[in-house]
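Step one of this worksheet: look at the structure below.
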Amino acid sequence: MEEKFKQHIAQLVPQAQEKRFLLAVSGGADSSVLAYLFHQCGLSFAIAHCNFHLRGEDSDKDMELVRKKAEQYGVPYFEREFDTFAYQKQEGLSLEMAARQLRYDWFAQIDKDFDYLVTAHNANDNAETFLLNMCRGTGLKGLTGIPEQNGKLLRPLLPFGSAQIRRFADEKGVEYRNDVSNFSETFQRNKIRLSVLPKLEELNQELISTFSRNIDLLKRQYDFYQQQMGNVLSSIVEKESDTMRISIEKLKECEDPALVLFEILKDYGFNASSVEQILDSLMKSSGKLFYSSQYQALKDRKHLIVNPIESVCAKEKSIENIKELERLGFIVEEYTMEETPDYEPNPAILYVDAQKLIFPLILRHWREGDRFHPFGMKGSKKLSDFFIDQKINLLEKKCVPVLCSGDKIVWLVGFRGDDRFKVDHQTKKYYKITYHGSF
């Protein structure tokens with residue numbers, strides 16, 4: 001294993017002898033072997049250890065062992081202790097995610113003097129990640145496993161299985177500690193490790209090696225797929241600042257519009273289910289809004305427009321005239337009653353009596369107690385009740401733009417206009433206002 005590791009690190013990092021590495025060492029078999037191998041290769045490295053205080057005295061003994069290794073190898077040593085349970089509660093995260101965030105946030109503070117941050121992920125971790133992502137439905141990208149290198153982050157033990165690493169540790173007398181939490185099925189990854197992989201190994205004793213070969217093949221296939229998909233996307237997608245426009249017409253011409261749309265939107269937090277709903281909307285005349293955790297997507301006449309929610313949920317704006325409304329991304333067309341255009345029943349379009357608007361208009365977001373007169377309905381309704389009726393979730397409710405004239409709501413943008421501002425038989429001039437979601 002030692003010789004294979006030397007060959008692998010030399011291939012992974014050209015001129016490795018001239019680089020400085022920061023090793024994340026927990027005290028378990030994998031990271032302890034990692035430190036041993038770096039020492040045997042004569043590489044310049046330091047050790048960093050996180051004590052998450054999740055296992056009482058055992059966590060402190062892990063820290064003592066890692067500290068001793070740093071002294072044994074004569075390398076710089078960094079350690080940090082965390083109140084992980086308090087951080088988990090504060091941030092509302094799973095315990096795994098809380099520890100991960102604390103670990104990598106701290107590494108980012110101390111790895112500035114190093115060329116690489118090195119972790120001890122191995123082939124078993126890769127197989128577990130593959131199965132977890134398959135269960136979560138992450139698409140082809142998720143099946144390519146853990147990358148060996150991601151910027152400064154390096155994982156040189158990925159070619160080696162955990163059983164091989166432990167055998168090597170025992171043969172070389174590398175001291176390590178067992179983390180008893182690895183044997184608890186409280187964590188999803190442990191369920192895969194303890195229950196799923198052993199069952200699969202009954203079918204294939206060389207399962208981890210098979211997984212490694214398949215993951216490598218999938219990475220190469222995914223790289224080729226990305227190249228071909230990139231050619232398709234370049235003709236469909238336009239980006240300007242933080243706004244992305246997807247041509248609906250060109251998307252429909254694709255052999256598999258659903259797959260192409262998924263590839264475009266997956267990096268914006270939209271999952272396969274959301275993409276199906278959006279695609280269904282694109283085939284109709286709806287102007288419905290869709291939300292991921294950080295982005296909104298809106299269909300106008302020719303494009304699907306994607307914006308960061310933070311840009312949509314900005315502070316309220318005072319609009320002095322029509323020109324200012326247009327600068328915020330609205331399209332405004334003026335008509336008299338004699339030049340009536342084709343009416344489009346689209347929630348992203350408002351037809352409003354020009355004489356009923358009082359400037360400055362205010363563009364803001366929902367407030368507790370807001371009421372309006374939904375177009376086509378008698379009487380007023382609380383916006384909160386309207387949101388419930390329309391099955392608008394909390395995220396959407398916070399970010400739906402509200403256009404106001406004086407103290408009256410003119411338009412719940414993208415959803416419903418106010419009946420008090422509608423075009424009627426007394427109207428002389430009116431505006432057709434189309435929302436493009438770019439303000």
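Read-outs throughout are calculated quantities, based only on the coordinates presented, and are distinct from any laboratory measurement. This structure is a prediction, so every number in the text was calculated from the model and none was measured. Neighbour counts run over all protein chains shown; Cβ positions are idealised from the backbone, glycine included.
If you take the charge dipole of the chain about its Cα centre, with +1 on Lys and Arg Cβ and -1 on Asp and Glu Cβ, which of Leu158, Ser209, Ile146 is farthest toward its positive end?
Ile146
Hey, how much of the P(r) for segment 2-219 falls beyond 32 Å, as a percent of Cα pairs? Mind dumping the intermediate values first?
Working: 3778 of 23653 pairs.
More than 32 Å apart: 16 percent of the Cα pairs in segment 2-219.
Which of the residue pairs Lys250/Lys397; Lys6/Lys112; Lys141/Lys250; Lys112/Lys239 have a Cα-Cα distance greater than 29 Å in the structure shown? Walk me through the intermediate numbers first.
Working: Lys250/Lys397 31 Å; Lys6/Lys112 25 Å; Lys141/Lys250 24 Å; Lys112/Lys239 33 Å.
Check vs 29 Å cut-off fails for Lys250/Lys397; Lys112/Lys239.
Quick one: Kirkwood hydrodynamic radius for segment 235-311, alpha-carbon pairs, angstrom, one decimal?
12.3
Beyond 20 Å, how much of the Cα-Cα pair distribution for segment 314-434 remains, as a whole percent?
On the way: 2891 of 7260 pairs.
Within segment 314-434, distances greater than 20 Å cover 40 percent of Cα pairs.
Defining a contact as two alpha carbons under 8 Å apart and six or more residues distant in sequence, what relative contact order in percent does the chain show?
11
Using R₀ = 51 Å, calculate the FRET efficiency as 1/(1 + (r/R₀)^6) where r is the Cβ-Cβ separation of Gln355 and Gln109; round to 0.05. Don't skip to the answer; put the middle values down first.
Details: r = 60 Å, r/R0 = 1.19.
Efficiency, rounded to the nearest 0.05: 0.25.
Within a 10 angstrom radius of the beta carbon, how do Tyr431, Tyr77 rank from fewest other beta carbons to most? List each step's numbers first, then the result.
Values: Tyr431 19, Tyr77 16.
Neighbour counts put them in this order, fewest first: Tyr77, Tyr431.
Antiparallel versus total DSSP beta bridges in the chain: what percent is that, nearest 5? Write down the numbers at each step before the final one.
Numbers: 46 of 61 bridges.
DSSP beta bridges in the chain are roughly 75 percent antiparallel.
Net charge within 9 Å of Asn122 by Cβ-Cβ distance, Lys/Arg positive one each and Asp/Glu negative one each, not counting Asn122 itself? Don't jump to the answer; show the numbers that get you there.
Details: positive: Arg155; negative: Asp30, Asp125.
The answer is -1.
Computed FRET efficiency, Cβ-Cβ of Glu316 and Thr336, R0 30 Å: what is it to the nearest 0.05? All intermediate terms of the calculation are to be shown ahead of the outcome.
Details: r = 31 Å, r/R0 = 1.05.
Efficiency computed from Cβ-Cβ geometry: 0.45.
Which value, in debye to the nearest 20, describes the size of the charge dipole of segment 84-240 about its Cα centre when Lys and Arg Cβ atoms bear +1, Asp and Glu Cβ atoms bear -1, and nothing else is charged?
Working: 20 positive and 21 negative charges, 40 e Å.
Roughly 200 debye, rounded to the nearest 20.
Against the 2.2 N^0.38 Å scaling, with N counting residues, where does the chain land? I'd like the Cα-based Rg ratio to two decimal places.
On the way: Rg = 28.8 Å, N = 439, 2.2 N^0.38 = 22.2 Å.
Its radius of gyration relative to the 2.2 N^0.38 Å reference: 1.30.
Quick one: length gained pulling Gln90 to Glu240 fully straight, 0.36 nm per residue minus the C-alpha distance? Spell out each step's value before the answer.
Values: separation 150, 0.36 × 150 = 54.00 nm, distance 3.65 nm.
Full extension of this stretch gives 50.3 nm more.
Charges on Cβ only, +1 for Lys and Arg, -1 for Asp and Glu, centred on the Cα centroid of the chain; of Gln294, Ser94, Gly173, which one is farthest towards the dipole's positive end?
Going by the Cα projections, it comes out as Gln294.
Determine the dipole magnitude for the chain: charges of +1 sit on the beta-carbon of Lys and Arg, -1 on that of Asp and Glu, nothing else is charged, the reference point is the Cα centre, and the result goes in debye to the nearest 20.
Details: 60 positive and 65 negative charges, 140 e Å.
The calculation lands at about 680 debye.
Taking 0.36 nm per intervening residue step and subtracting the Cα-Cα distance, what contour gain separates Gln228 from His53 on full extension?
Numbers: separation 175, 0.36 × 175 = 63.00 nm, distance 4.75 nm.
Using 0.36 nm per residue and subtracting the Cα-Cα distance, I get 58.2 nm.
What are the GluC sites (Glu not before Pro) within segment 128-232 that DSSP puts in a loop, where the Cβ has at most 10 other Cβ atoms within 10 Å?
On the way: sites: Glu128, Glu148, Glu171, Glu175, Glu185, Glu201, Glu202, Glu206; in loops: Glu148, Glu175, Glu185, Glu202, Glu206.
Passing both the DSSP loop test and the Cβ count: Glu202.
What is the magnitude of the charge dipole of segment 314-434 about its Cα centre, with +1 placed on the Cβ of each Lys and Arg, -1 on the Cβ of each Asp and Glu, and no other charges, expressed in debye to the nearest 20?
Working: 21 positive and 20 negative charges, 109 e Å.
It works out to roughly 520 debye.
Setting aside same-chain residues fewer than 8 positions from Lys199, which lysines have a Cα under 17 Å from its Cα?
Lys191
By the scheme Lys and Arg +1, Asp and Glu -1, what is the net charge of all other residues having a beta-carbon under 12 Å from that of Leu259?
Cβ neighbours under 12 Å give a net charge of -3.
May I have the extent of the alpha carbons of segment 17-126 along their three principal axes, as whole Å values ordered from largest to smallest?
So the three principal-axis extents are 43, 28, 27 Å.
Place a point 7 Å from Cα of Gln72 in the direction of its Cβ. Which residues in segment 152-166 have their backbone N less than 18 Å from it?
Residues passing the 18 Å test: 165-166.
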